[in-house]
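A short worksheet on the structure shown next.
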Amino acid sequence: MTPRSSRTSRTAGHLLGIDRVACDGRGLCAELLPELVELDEWGYPVIHDARVPAELLTHARRAVAACPVLALRLDRARA
Amino acid sequence: MNQPHPDTLPAALTRAVPVSTLPVHAGPDGPYGSRLLHGWFATGGPAGLAEHLGRYGQAPLPDGKRPSMPLIHAVEEAGLTGRGGAAFPTGRKLRSVAERRGPAVVVVNGMESEPASQKDESLLHLAPHLVLDGSALAAAAVGAAAVHLCLPRSRADQVRALLAAVEERGRAGIDRLPVQVHVLPHHYVSSEETSLVRWLNGGEARPMATPPRPFEKGVDGRPTLVDNVETLAHLALIARYGPAWFRSAGRPDAPGTTLVTVSGAVRSPGVHEIPLGTPVGAVLELSGGPSWPLAAVLVGGFFGSWLPADQAVRVPFSKAELAAAGAGPGAGVLVALPHGACGLTETARVLDYLAAQSARQCGPCRFGLPAVAEDFRLLAGGRPDGGLMDRLRRRVGLLPGRGACRHPDGASRLAATALATFADDVRHHERLGPCPGATGRPVIPVPGGPGPEQEGWR
């Protein structure tokens, strides 16, 4: 785990979402946001906890913007 | 045995009466507590419109084009849950569609893509007008402007029968909306609700990414209710006889009856109607009991769970208690596996089928599921390489929650429960090669024939 990650602030109000049909395993999300996204052996994303901690929000936004097939998104968590 | 009372029928549901004050009507409880299959016990054949109306009278359709909240209340009060596999509360689904703006659409799901299930086919054969009544009532409940009935292309006789039934109702003038009958490719994931919506919108019968869910934006962009045919048949009876009658079968936390399909090592395989909460062992007895000592039971279908037989027979058939045992009702499927059969080989065959049937749209179904099926084939064939079991367990664990639909989740559950329930067989296959049962006659009815690769999705 890198210093950026912290379990304590996972009450933040954003969730990482993936359009699984659009996703074709380019893997940029895991490069830009390794704290939240791993890849399986075929390069498709694995997200163990979709909640985005506040301190990762900027990085998450960057990863969303970088997805070449627009499959990654940020959803607002419901209260 | 209670006879139905057509003369006491539509008393209450079209008025805004609090549900708790509704009278308990004498409902159509037939022999063995049958409700949906009552007519079959009376005549041994399908019920035509005249017989149907003689038994139940006309469906108590509420007035007007607006959604009908009393009917939705009644379904909520009854505690009806979806009989297609997810067991979601039907009243809540009706409400979420009714509360959207603008006219809605009702999709009646008669696809029954689960190969081990025959209950929807049987119901549509024996009591088509109960399903069509339920469709009309659901349409009235949510304020729908269109009703679509989806049937599989592989059941041409059934399609003809339903077209005739719809036409007969049209001549008799008993439905406000004409039911449009559609014939879709019969693949495993084609019955998924987003597949139906996509097909009805002119696309392929493959699942779509959500959101939006059909209740938000479905057929023609309208709020869309997708319900299984059995669910709607129950709704047709709740509308007539009320929630208290519905709850007089089953248990408070699992009310009503449900259709089950029993196959495998039982003396008389077939479709039965049971009160929810009936122990699995008692359901097997309805099918003549085991024809051979049982090793395990597949509960729920190809997306279901293997349970050891001694555990399975004691579990009441209800969502909560099956969940506590690590299973679910699915589409009401039970397959009894006899001692001597190889559960790993059976599972490998089903996984092969599921892999071939997937829509190949998402990573887990394009790569993960075929890889799991291949690993399972190696295990079943007793040709494991050194890393097989670790690799298989890791791959099985990475399938759930990562597809647009629940296809990889279902396959993962089947594989994981097989590894647990047949743990002794796993050791045998790992160390000594395939068990004698691995080359025996298959127990689970896995369809051969062409799949989506050959037949396409349109």
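Laboratory data are not the source of any read-out in this text; all were calculated from the coordinates shown. Model, not experiment: these values are computed from the prediction. Glycine also receives a Cβ, built like all others from the backbone with ideal geometry; neighbour counts cover every protein chain displayed.
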Compactness of the protein assembly as shown, expressed as Rg and Dmax over alpha-carbon positions, Å: 24.2, 74
Mind checking which lysines have their Cα closer than 27 Å to the Cα of B:Lys65? Skip sequence neighbours fewer than 8 apart in that chain. B:Lys93, B:Lys217
In nm, give the distance between the simple-model label positions of B:Glu285 and B:Arg213, each being 7 Å from the Cα along the Cα-to-Cβ direction. 3.9 nm
Dimensionless Rg/Rh of the range B:343-447, both radii on Cα and Rh by Kirkwood, sits at 0.96
What ³J(HN,Hα) values, in whole Hz, does the Karplus curve 6.51 cos²θ - 1.76 cosθ + 1.60 give for the range B:27-36 when θ = phi - 60°, with x put for Gly and Pro? x, x, 7, x, x, 6, x, 6, 10, 5
B:Lys119: which lysines have alpha carbons under 20 Å from its alpha carbon, excluding same-chain residues fewer than 8 sequence positions away? B:Lys319
I'm checking a number: the convex hull volume of the Cα atoms of the range B:235-323, normalised per residue, in Å³. What is it? 98 Å³
In terms of the charge dipole of chain B, which places +1 on Lys and Arg and -1 on Asp and Glu at the beta carbon, the residue among B:Ala78, B:Pro214, B:Gly301 farthest towards the positive end is B:Pro214
In a shell of Cβ-Cβ distance under 13 Å around A:Leu39, excluding A:Leu39 itself, what net charge do Lys and Arg (+1) and Asp and Glu (-1) give? -3
Taking the range B:187-332 and dividing mean pair separation by its residue count, relative contact order in percent (alpha carbons under 8 Å, at least six apart): 13 percent
On Cα atoms only, tilt of B:69-78 relative to the major axis of chain B in degrees: 40 degrees
Positive-end extreme of charge dipole, the range B:343-447 - chosen from B:Cys435, B:Ala380, B:Cys365 (charges on Cβ): B:Cys365
Residues whose placed amide H lies under 5 Å from that of B:Met208, excluding near-sequence neighbours: B:Thr194, B:Ser195
Using only C-alpha atoms and all pairs of different ones, pull out the Kirkwood radius for the range B:228-385 in Å with one decimal. 17.1 Å
List the equivalent ellipsoid semi-axes of chain B in whole Å, largest first, each obtained as the square root of 5λ for an eigenvalue λ of the Cα gyration tensor. 38, 25, 19
Dipole size in debye (nearest 20) for the range B:343-447 around its Cα centre, Lys and Arg Cβ +1, Asp and Glu Cβ -1? 260 debye
Are there any trypsin sites (Lys or Arg not before Pro) in the range B:60-111 that are in a DSSP loop and have at most 14 other Cβ atoms within 10 Å? List them by number. B:Lys65, B:Arg101
